[in-house]
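Visitor: Got a structure here, written out as structure tokens. Questions coming.
The values are calculated or read from the model by the stated rules, or taken from the named source; none is laboratory data. In this text the structure is predicted, and so the values were computed from the model without any measurement. Don't worry about glycine lacking a Cβ; one is built from the backbone with ideal geometry, like all the others, and counts go over all protein chains shown. What goes into the accessible areas is simple: the full protein's heavy atoms, side chains included, and nothing from ligands, DNA or RNA. Shrake-Rupley method; radii C 1.70, N 1.55, O 1.52, S 1.80 Å.
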Amino acid sequence: MKRQLLALSIAALLALPGCRDNPNANLDSRGQATASADAGDTGGSRKGDFGPPQGEPVEAVLTSPPLVPPATGRDYPAKVVVNLEVREVDMEISEGVTYTFWTFGGTVPGSFIRVRQGDTVEFHLNNHPDSKMPHNIDLHGVTGPGGGAASTFTAPGHSSQFTFKALNAGLYVYHCATAPVGMHVANGMYGLILVEPPEGLPPVDKEFYVMQGDFYTTTKYREKGYAPFDMQKAIDENATYVLFNGAENSMTGDNALKANVGESVRMYVGNGGPNLISSFHVIGEIFDKVWFEGGTKYQENVQTTLIPAGGAAMADFHLEVPGSYVLVDHSLFRAFNKGALAILKVDGAENPAIYSGKEVDEVYLGDKAGSMAPVAAAAAANAAGTLTLEDQVAAGQALFAGTCSTCHQPDGKGLAGVFPPLAQSDWMTRSHAELAGIVLNGLTGPIKVNGQDYNSVMPPMSQLTDDEVANILTYTLNSWGNPGGRVSKEDVAKVRASTERGEGAAH
């Protein structure tokens, strides 16, 4: 018995240094604080008041996504003045698709706000005279009923002001809380406020601001033109779009986030909702640290982190090898069929000792691998009545790269014995209506193409809009030695209306 007690005592003593060195030593296996965590307890709001503000008032630096304001760089509490304007603006939600966003600062998400724990914040909310609706703001970093909502109800052309002390460090969501609250949030009225701890956050080379939201329209995904809000879809939680930073192209192509090998990156990630939980993941990276739920405790070596609607997280990682890293909601139909996808482009020297592979291809990037400008140009030309064959071919090529090229290959030659060719294919001599029907409803079972037998599955692609199907078919007809021709949006619409929805096809 004595030997057992001695062994236990020695084991306990050996464990003590590890506890002293590990900032998360008082967390259990799920990262939750244990009863013995008093030494690492921040004290929350009870220890967040560092006295009255010192020095001259500070005008808050506000940034539009994906930019983040610089660290406060202060070791004392200050009076920080925040001026935030509400604007109702029409902007692109997808290529060739406009939506009326209600915004804080003219962007979705709204401006990033950065203060220090203990700061006294004088908050001014200004509702632009052109707005049609009253708005307010509920900041989750505020201690007080409504988070400021009751104090900031502001009619168009008016301003409101209130003051709060930032007692709790962390990353917090803010959003409009004017009835109907869900509609205001669904239209893009959310953003993030970072309350730095007194000692600041560990320094990194690059910081980015990313926020997910779900959008509900009466139109289909990517249907060109104006997309009105759909209240019933929102109530049913049937999102048309799930997006990072308010638009499909917000962080792809020329707008991709940029960093370099050897740099450390921090992402401030929020989820405005209003309905869906985010499974945030960066393909090809592991988060070294995640401050889960935007709090002060972190978990290490994380692959995917859950961010609830109205919640946030901070994720740090280091860049070892170059390439395109894809940000997704790992509820993957949201990423590849509703838009929740962004790109972090990393430049620098290869390091084959760590990774010897190739640049990520269209399987993951889809149509975000290249510019989608031709798609938007074709939509604008169609609306103006000036759409040309060349416009359709250019748009179809961009869409084909992300929708069709994985199976049929970029050169249209397919994969022998697996996926039939489109290049110089005898099937491309069939009627345009039959070709459109195949795209919309899919094709399964044995077929013969150019005298060769194939037995594969083409899934229904009816999630594509009529103009997207028309442009893809027009591109295919006019490429690789095929007979030429032109398919119109109206041609596809007739086929869609006259055929039953294929099994498994999208509405």
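Visitor: Taking the highest mean first, how do the peptides 141-152, 452-463, 428-439 order by number of other beta carbon atoms within 10 angstrom per residue?
Guide: Output ranking for 141-152, 452-463, 428-439: 141-152, 428-439, 452-463.
Visitor: Still on this structure, I have one more. Using the crude model of +1 on Lys and Arg Cβ and -1 on Asp and Glu Cβ, and no other charge, please compute the dipole size for region 416-478 relative to its Cα centre, in debye to 20.
Guide: 180
Visitor: Further question on the same structure: Which net charge results for the neighbourhood of T63, defined as the other residues with beta-carbon distances under 12 angstrom from its beta-carbon, given Lys and Arg at +1 and Asp and Glu at -1?
Guide: 0
Visitor: When DSSP assigns beta bridges and you keep just the ones with both residues in the chain, what percent turn out antiparallel, to the nearest 5?
Guide: 70
Visitor: A 25 angstrom limit on the alpha carbon distance is what I want to check against. Which of K206/K289; K258/K289; K338/K489; K448/K494; K165/K289; K47/K297 exceed it?
Guide: Violating the 25 Å limit, Cα to Cα: K448/K494; K165/K289.
Visitor: Work out, step by step, the length gained on full extension between T406 and A384: first 0.36 nm times the residue separation, then minus their alpha carbon distance; give nm to one decimal.
Guide: Residue separation times 0.36 nm, minus the Cα-Cα distance, leaves 4.6 nm.
Visitor: At a 1.4 Å probe, what is the % contribution of carbon and sulfur to the accessible area of the chain?
Guide: Of the solvent-accessible surface of the chain, carbon and sulfur hold 55 percent.
Visitor: Still on this structure, please answer the following. Determine the relative contact order of the chain: mean sequence separation of Cα pairs under 8 Å and six or more apart, normalised by residue count, in whole percent.
Guide: Answer for the chain is 10 percent.
Visitor: Would you mind checking the tilt of helix 466-477 against the longest principal axis of the Cα atoms of the chain, expressed as 0 to 90 degrees and rounded to 10?
Guide: Between the helix axis and the principal axis of the chain, the angle is about 60 degrees.
Visitor: Can I ask one more? From largest to smallest, what semi-axes in whole angstrom does region 232-361 give when each is the square root of 5 times an eigenvalue of its alpha carbon gyration tensor?
Guide: 26, 18, 11
Visitor: Still on this model: What accessible area per residue comes out for the chain, rounded to a whole number of Å², with a 1.4 Å probe?
Guide: Computed with neighbouring chains in place, this is 46 Å² per residue.
Visitor: Right, something else. Could you bin all the Cα-Cα distances of region 366-500 into 5 Å bins starting at 0 and give me the percent of pairs in each, rounded to whole numbers?
Guide: With 5 Å bins starting at 0, P(r) equals 2, 11, 20, 25, 22, 13, 5, 2, 0.
Visitor: As a check on your grasp of the helix formula, calculate [θ] at 222 nm for the chain: sum -39500 (n - 2.57) over DSSP H runs of n ≥ 4, divide by the residue count, round to the nearest 500.
Guide: It lands at -6000 deg cm²/dmol.
Visitor: With a cut-off of 19 Å, note down the residues of region 189-219 whose backbone N falls inside the zone around a label point 7 Å from the Cα of K47 toward its beta carbon.
Guide: Residues passing the 19 Å test: 195-202.
Visitor: Using only the alpha-carbon atoms of region 172-297 as identical scatterers, what base-10 log of I(q)/I(0) does the Debye formula give at q = 0.10, 0.13, 0.19 Å⁻¹?
Guide: Each listed q corresponds, in turn, to -0.39, -0.64, -1.17.
Visitor: Rounded to the nearest 10 degrees, what's the angle between the helix 389-403 long axis and the longest principal axis of the chain, both from Cα atoms, 0 to 90?
Guide: Around 60 degrees separate the two axes.
Visitor: Between 0 and 90 degrees, rounded to the nearest ten: what's the tilt of helix 2-21 against the longest Cα principal axis of the chain?
Guide: Tilt of helix 2-21: around 70 degrees.
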